[in-house]
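Below you'll find the structure, written out as structure tokens, and then a few comments.
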């Protein structure tokens, strides 16, 4: 397996990690903006096509729409099969696009998705959308689930202990990027109405949102209960956040992608044994209600969010996820199950 990806500061142009070879190439980020339309696809292709063709691959795995046209051209040159790997509905994210850029992107996906030899995606809602929109067979489900690794003794980091909080202090956690599409401003406002609760935001800052969030908390004098925490390595997240009491996924931007996606952070939370508070997006709501793993709220409304957070703090014993339930969730949704499906797709493409 070789992954061709963007060269970033501090990374080697080429290396092998856990049996996977990474080839990193320089990419000019400004050319890859969604609003640039055709330029985005041409620029990405110019960065990856030559190194990919040199590999003479058997399968080209196109990670989202930006990579799909390049993957089709690489396959034509090399005889490879194409797997279209849809992690997001790229055209239905909260990103700025001109009407022309949207039209061109939709036309590009419609034309090229039918040339792919297989399509996989991360949720039932996305699979249904792709099938009905483009008239293709229903994509195979390979969900965004992490691999759960055993804690490694004394070197294992612990969120609660790093914050200096005792075991009886209620602690909610959000993991992921901090930007305006994540509903964090309403969450921090709601924090002020739950006096005992501490909130940890674990992840990368995206834009200037930290200043805004801190100001909200400082204005209400609950900034001592808001903790902005740097990210941890992706394979450490589950064990790191397990000392919290529950997790919050407050996505509330009205876009189709958020309505049907099931993000990795949901699985990270429940695999850590944390019940979750989720916005009433269709996919998140259906998962939580089907699995009994948390509560649904309207995270656009501060009062609704605050009431749900109070419910979480008050009824921790009833909402707690048992070890048996967590083990069952990991067996059903964990990465070994998803990896098995993905490898079956690869096998069929090679054999076919």
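What follows is calculated from the coordinates using simple rules that are stated; it is not laboratory data. All of these numbers come straight from a predicted model, not from anything done at the bench. When we count neighbours, we look across all protein chains shown, and the Cβ atoms used for this are built from the backbone with ideal geometry, even at glycine.
Within region 97-131, list the residues whose amide N lies under 16 Å from a label point set 7 Å along Cα→Cβ of residue 140.
Hits in region 97-131 for residue 140 at 16 Å: 116-124, 127.
State, to one decimal in nm², a quarter of the convex hull surface area for the C-alpha atoms of the chain, i.e. the direction-averaged projected area.
18.4 nm²
Who wins for biggest fluctuation among 89, 12, 159 in a Gaussian network model of the chain, springs between alpha carbons below 10 Å?
12
Provide the three semi-axes, in whole Å and in decreasing order, of the ellipsoid equivalent to region 153-332 as defined by the square roots of 5 times the Cα gyration tensor eigenvalues.
Taking √(5λ) for each eigenvalue gives 22, 20, 16 Å, largest first.
If the label point is 7 Å along Cα→Cβ of residue 115, which residues in region 53-79 have backbone nitrogen under 13 Å from it?
Correct set: 67-79.
For residue 339 and residue 301 in the same chain, what is the full-extension length gain: residue separation times 0.36 nm, less their Cα-Cα distance, in nm?
Here the answer is 9.9 nm.
Using Cβ contacts closer than 10 Å as the measure, can you line up 333, 84, 240 from fewest to most?
Ranking 333, 84, 240 by Cβ neighbours within 10 Å, fewest first, gives 333, 240, 84.
Restricting to Cα pairs below 8 Å that are 6+ residues apart, what does the relative contact order work out to for the chain? Please round to a whole percent.
RCO, the chain: 14 percent.
So if we plug the beta-carbon distance of residue 14 and residue 280 into 1/(1 + (r/R0)^6) with R0 = 51 Å, what FRET efficiency do we get, rounded to 0.05?
In this case the efficiency is close to 0.70.
Return a whole-number percent for the relative contact order of region 153-332, with Cα pairs under 8 Å and 6 or more residues apart as the contact set.
Reported as a whole number, the value is 23 percent.
Compute the acute angle (0 to 90°) between the alpha-carbon long axis of helix 209-220 and the principal axis of greatest extent of the alpha-carbon atoms of the chain; round to the nearest 10°.
10 degrees
Got a sec? How would 271, 100, 287 order by Cβ neighbour count within 10 Å, fewest to most?
By the 10 Å Cβ count, ascending: 100, 287, 271.
May I ask you to sort 305, 40, 1 by Cβ crowding, counting other Cβ atoms within 10 Å and putting the fewest first?
By the 10 Å Cβ count, ascending: 1, 40, 305.
What does the helix-only formula give at 222 nm for the chain: each DSSP H stretch with n ≥ 4 adding -39500 (n - 2.57), the total divided by the residues, and the result rounded to the nearest 500 deg cm²/dmol?
-13000 deg cm²/dmol
Counting only Cα, what are the radius of gyration and maximum Cα-Cα distance Dmax of region 289-332, in Å?
12.6, 36
Angle check, please: helix 282-291 long axis (alpha carbons) against the longest principal axis of the chain (alpha carbons), in degrees 0 to 90, nearest 10.
Long axis of 282-291 versus the principal axis of the chain: about 60 degrees.
Taking the Cα atoms only, what angle lies between the long axis of helix 335-351 and the longest principal axis of the chain, rounded to 10 degrees?
Orientation of helix 335-351: about 10 degrees from the principal axis.
Each label point is 7 Å from the Cα along the Cα-to-Cβ direction; what then is the distance between the points at residue 55 and residue 290, in nm?
Those two pseudo-labels are separated by 3.2 nm.
If I stretch the segment between residue 6 and residue 233 completely, what's the gain in nm (0.36 nm per residue apart, minus their alpha carbon distance), one decimal?
79.9 nm
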